[in-house]
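Remarks on the structure that follows.
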């Protein structure tokens, strides 16, 4: 092999290392340019507000101080680090900050994902899997903490699967990933739960004489991961706080992201499931029992709650990477001279150019585009009127809670469903959605409500129109306000 030809192969090998960065840059720019779609969930308001409180006080919340229905109730924030990052970015750049932070989270996720897959399968297939995963996840890409934890989830599971593929135990150096995940978002419990089945994959294919020793190493790693998950300001309470949401029972079926998957119309998730089944039949894909369990568990999770579809989208390919790599082997590249200076030069210059292009694109786009939160979650005019009237207790719609918190107005309810509990929120929905309208006057009297702020197209305002002692004083396309007959402002005209 000539020296020039060897250098050419080395440069190609080094340049290939830029693939994850290219995919990450493309993902970042895509979500930056559709950034307004990331600002559609009112939970972003209270996430930022809590982050601001943490920065201002140099402490973490242990009780609720945003509602008038649960004041002083025990409550911890299991996403405190993400909230601080969002609050800081918002303070610096307005809504552009959380959008950029969310786009970076998705970019890191895609880059780590492609890097992990590229070790097993051909680069084009790795990129294709990344595109499919992003497509399946796009419905849940919002400026919220779970996005900042997504790259950590992919890295954690990818590294565990890589250790299992090598028939070895994970490195203790990976435990800080779990600690980071536990401080970013409560979804870290998934990472703890997956240690068991992934360890069985490693043990099953190990030599018989080494299985017990390897299993014990995985057990110790699992204990270490559990300890690492408690390395937060809340300590062991983090585990309890992260699992409280799962105890909400019937309520989970009413919150969109916790609803089960709906196949009434064809979706990308349905297509992915059918494609997975087709691949297994067409290619005769043979998997070990632990891998089958992992795929079934991730599929069940996604079918049970639509918010878990992104875990299915990014983790199932990692589980399938090694079997697919064996089914579609790629030619071994000759990396002779891979550390030669031209190869390093190409890689470094290429990486700098990609980062510079992304930053330039961000600056240019922000120069002529102002990100704004969706109007359906921000009843600005209605809240302005309520402040003018000086009402103290507002019976607010669930989706308006975050915005009211951002305006420093105590709320009846907001997106922290685990704080309020199943019965409280279920009674609220039954009363305002017309399932049990007789509950509405009881709740209004029980909590001494002065005014209501409900969604314009919901049954609640129509029920209040017929309720004695209440009158409508304001309405627009977003919200409707009712006040008691003796409330100030009763003579204001409706819109």
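The values are calculated or read from the model by the stated rules, or taken from the named source; none is laboratory data. Model, not experiment: these values are computed from the prediction. A quick note on method: Cβ atoms are made from the backbone with ideal geometry, for glycine too, and the neighbour counts reach across all protein chains shown.
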Problem - residue 401, sole failed condition from (1) modelled with pLDDT of 90 or more; (2) out of contact with any strand residue (DSSP E or B) (no Cβ under 9 Å at 6 or more places or on another chain); (3) closer than 27 Å to residue 96 by Cα - result: (2)
Handout entry: Selection status of residue 478, over 23 Å from residue 44 (Cα atoms) and in contact (Cβ under 8 Å) with a residue 40 or more places away in the chain
Key = no
Fill in the blank from the handout: Within the stretch 373-410, residues assigned to a loop (DSSP other than H, G, I, E, B) and either surrounded by 16 or more Cβ atoms within 10 Å (Cβ to Cβ) or in contact (Cβ under 8 Å) with a residue 24 or more places away in the chain (or both) come out as 373, 374, 378, 379, 390, 391, 392, 393, 397, 407, 409, 410
Exercise for the section: May I ask you to verify whether residue 30 is modelled with pLDDT of 95 or more and surrounded by fewer than 22 Cβ atoms within 10 Å (Cβ to Cβ)? Expected result: yes
Practice task
Among what's in the stretch 39-66 and is assigned to a helix (DSSP H, G or I) and free of Cβ contacts under 8 Å to residues at least 60 places away in the same chain, pick the residue that is nearest to residue 419 (Cα to Cα).
Solution key: 50
Practice task
For the stretch 42-55, indicate whether the set of residues that are surrounded by fewer than 23 Cβ atoms within 10 Å (Cβ to Cβ), modelled with pLDDT of 95 or more and over 30 Å from residue 447 (Cβ atoms) is non-empty.
Solution key: yes
Problem - Residue in the stretch 434-454 that is at pLDDT 95 or above, within 24 Å of residue 48 (Cα to Cα) and either out of contact with any helix residue (DSSP H, G or I) (no Cβ under 7 Å at 6 or more places or on another chain) or buried (at least 20 other Cβ atoms within 10 Å of the Cβ) (or both) present - result: yes
Handout entry: Qualifying residue in the stretch 283-294 (condition: assigned by TED's automatic domain parsing to the domain that holds residue 327, surrounded by fewer than 12 Cβ atoms within 10 Å (Cβ to Cβ), under 23 Å from residue 133 (Cβ atoms) and over 22 Å from the mean Cα position of the chain (by Cα))
Key = no
Fill in the blank from the handout: In the stretch 437-474, anything without any contact (Cβ under 8 Å) to a residue 12 or more places away in the chain and either closer than 18 Å to residue 424 by Cβ or not assigned by TED's automatic domain parsing to the domain that holds residue 385 (or both) is listed as 438, 442, 445, 446
Exercise for the section: Take residue 69 and decide whether it is out of contact with any strand residue (DSSP E or B) (no Cβ under 6 Å at 6 or more places or on another chain), modelled with pLDDT under 95, surrounded by 18 or more Cβ atoms within 10 Å (Cβ to Cβ) and not in a helix (DSSP H, G or I). Expected result: no
Exercise for the section: Just name the residue that is surrounded by the fewest Cβ atoms within 10 Å (Cβ to Cβ) out of those in the stretch 73-89 that are within 13 Å of residue 148 (Cβ to Cβ) and over 16 Å from the mean Cα position of the chain (by Cα). Expected result: 88
Fill in the blank from the handout: Taking the stretch 417-427 and keeping only residues that are out of contact with any helix residue (DSSP H, G or I) (no Cβ under 7 Å at 6 or more places or on another chain) and either buried (at least 18 other Cβ atoms within 10 Å of the Cβ) or assigned to a loop (DSSP other than H, G, I, E, B) (or both), one is left with 419, 420, 421
Completion exercise
Here the residues within the stretch 448-488 that are more than 20 Å from residue 411 (Cβ to Cβ), part of a helix (DSSP H, G or I) and in contact with a strand residue (DSSP E or B) (Cβ under 7 Å, 6 or more places away or on another chain) are 465
